[in-house]
1. Looking at region B:13-52, which of the residues that are closer than 30 Å to residue B:89 by Cα and among the charged types (D, E, K, R) is farthest from the other protein chains (Cβ to nearest Cβ)?
2. Identify the residue in region B:388-403 that is basic (Lys, Arg) and free of Cβ contacts under 8 Å to residues at least 24 places away in the same chain and, among all such residues, is nearest to the other protein chains (Cβ to nearest Cβ).
3. Can you list the helices (runs of 4 or more DSSP H) lying wholly within region B:1-110 that have 2 or more residues being among the acidic types (Asp, Glu) and touching a residue at least 24 places away in the same chain (Cβ under 8 Å)?
4. Quick one: is residue A:52 within 24 Å of residue A:14 (Cβ to Cβ), touching an Asp or Glu at 6+ places or on another chain (Cβ under 8 Å) and within 12 Å of chain B (Cβ to nearest Cβ)?
5. How many residues does region B:160-176 hold that are over 29 Å from the mean Cα position of the chain (by Cα) and buried (at least 19 other Cβ atoms within 10 Å of the Cβ)?
6. Name the helices (runs of 4 or more DSSP H) wholly within chain A that hold at least 2 residues that are closer than 26 Å to residue B:26 by Cα?
7. Read through the list (1) at pLDDT 95 or above; (2) more than 13 Å from every other protein chain (Cβ to nearest Cβ), then give the number of the only condition that residue A:104 fails.
8. Which condition breaks for residue B:385 when tested against (1) free of Cβ contacts under 8 Å to residues at least 12 places away in the same chain; (2) assigned to a loop (DSSP other than H, G, I, E, B); (3) more than 13 Å from every other protein chain (Cβ to nearest Cβ)?
Amino acid sequence: MDMANQARIKETAEKYGNENVVVVIGAAEPESAGLTAETVMVGDPTMAGPLTNVALKLKVFHIFELKDLIDPAVYDEQLSMMEMVLDVDALCEEMENIRKECGC
Amino acid sequence: MTYPVIKAAAYVLVHAPNILLEHGTTITTERLLNPDSEYLKVLPKYLRSFDDAVNYAPNQVYIGNMKPEELRGYPTPWYANPVSGSRDGKYGEIMPEDEFYGLLRIVDRFELVELSPEFASQIKPKIEARNLFSAKQLAALDKTLDLSEIEKMVANNEADGLYLDGKLVGCVRAAHETDENLSAHVVFENLVSKASGALVLANLIKKHGINPLDIDYIIETSEEAIGDMNQRGGGNLAKAIGEVCDCLNATGSDVRGFCAGPAHGIIHACAMVKAGVFKNVVVLAGGSSAKLGMNSRDHVKKDMPALEDMVGGYAILISENDGVSPVVRTDIVGKHKIASGSSPQAVIQAIVADPLEENGLKITDIDVFAPELQNPELTVPAGAGDVPMANYKMIGAMAVKKGEIDKKDLMMFAEKHGVPGFAPTQGHIPSGVPLVGHVVDEIKEGKMQRAMIIGKGSLFLGRMTDLFDGISFIIEKNSGKTEEIKEDSEALKQEIRELIAGAIKEVADSLAGR
């Protein structure tokens, strides 16, 4: 996750409280989705950005995990094409694993 | 309607491992934040030799010695399965770093590049033997500065060093004492872009036997800003590059659009030629030193060579219709509008589906798509996936949504209408344009009817808008007719004659009371 986004997430969490912030990821690759999730839960693993050693423990999901919460018409217009393109199962599995690993 | 044509294309690469170490932003940032990191310590061991870079299959595809399709099924990893390559390519060349330092000196008009006498005398005959630059230009290599002076300037932070195998051989000076836009670092980046741009233009001229005096206009599409503290992006690299290559009748300008810059530039050029403003317009760009080694942290972590050691360049000549060269369909242009939305689906709809639908074409009517063509061997280890494959799947998924293909044929679509990625991760360089040379050849050989070139740009990186951008155009087989406008106007005249005759007859009939 780039430094600017890390800074924005940190600011948002400070402003609204960690328990009131949910991070929704749209990453295409399981590895990058996992890294992003890890960053907002236990801190930046690359030790380069504002979230280094900052464990926000935020709730984090991939957008495909939230399909049931999305208006079907909006989902069809915005996400149905990418659902065909990406490995949705691998993305969701990675998210579940990383949440477990981070204890969130 | 007559269309402009793509008359010629050229491509170059410069092997730049030492520039990677000194100017790649991943490395310079790490040096600032974690100067003692293990990654910085081990990175030099992961750099590859010039021969390894030449014998790397994707690089041979880029300069035209192999077809992109040959990468399909070629044993992976490509870096561990070298081909028997050549530095000379059908479309251009691969230049080693020492010659490129000489080229930096040759293109420098302000005596900002200093080379040591020993180094300059070593590389002058090497560059001379390439027969790309004149004796007058090569004379720039005779003006040298003692290494002790160069060492002093680098030690005092008045210049950025040029290194080979860890040894200082030259430097690039700051062009101003306080202006950060003319700092040694910025001047260095701009000179890298200028020199690689000049190298590709020189190759375009030489490989295709073009008279440089016939070039009217140059559009430069890199991502560098040329200027000083009062006009940071003033320009004009286009004209600066044309000057190096003796395009004495040309002027030019710089077109910017992040990675979409080249596709925008080509559309600008086509419009100029079609409107009759200019006859021969070259669209080109050199490469970027900042992006070298961008993903090298991941490459090192995965114990593979730091493959992002190539500075890229491309040049494409757009000319009036000659009845032979493939045309650019200026009437079928896809654009990502401000209102289009930024979801991948909205982007593909706007730049791929909309222009085709508006012109009665299907997605499957396009033989091959050229989206971002990054070499997946560079991006997959960094978690960014296979970028061209993702694009082909997205275009295929759009074809599924339009009912043109069945969902089970998605992978087959990606293979049939796509090519494996082969371009270096140099931002604007991989964005569609690397395939133009191959497309032109395939169309001329009768193996292809039409291709769509797609440029996409991440405008949000500049923090002025969070919009995405994209633009596309179609290259098509030339119908052989160069006078279509004349024919059209004759037909129109005949139609008007018939209308007038009909009207006169009606008036005559009414006067006659019929």
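1. B:51
2. Of the residues in region B:388-403, the ones basic (Lys, Arg) are B:393, B:401-402.
From what is left, the residues that are free of Cβ contacts under 8 Å to residues at least 24 places away in the same chain are B:393, B:401.
Details: B:393: 4, B:401: 6 Å.
Restricting to residues being basic (Lys, Arg) and free of Cβ contacts under 8 Å to residues at least 24 places away in the same chain, the top hit is B:393.
3. Details: elements: B:17-23, B:25-33, B:38-42, B:50-54, B:57-62, B:97-107.
Here the list reads B:97-107.
4. Values: within 24 Å of residue A:14 (Cβ to Cβ): yes; touching an Asp or Glu at 6+ places or on another chain (Cβ under 8 Å): yes; within 12 Å of chain B (Cβ to nearest Cβ): yes.
Taking the combined requirement at face value, the residue satisfies it.
5. Qualifying residue count, region B:160-176: 1.
6. Values: elements: A:3-16, A:30-42, A:72-78, A:80-85, A:88-101.
In chain A, the matching helices (runs of 4 or more DSSP H) lie at A:3-16, A:30-42.
7. It fails just one condition, (1).
8. The number of the failed condition is (3).
The values are calculated or read from the model by the stated rules, or taken from the named source; none is laboratory data. Owing to the predicted nature of the structure, the values given are computational and were not obtained by experimental measurement. As a convention, Cβ positions derive from the backbone with ideal geometry for all residues, glycine included, and neighbour counts pool all protein chains shown.
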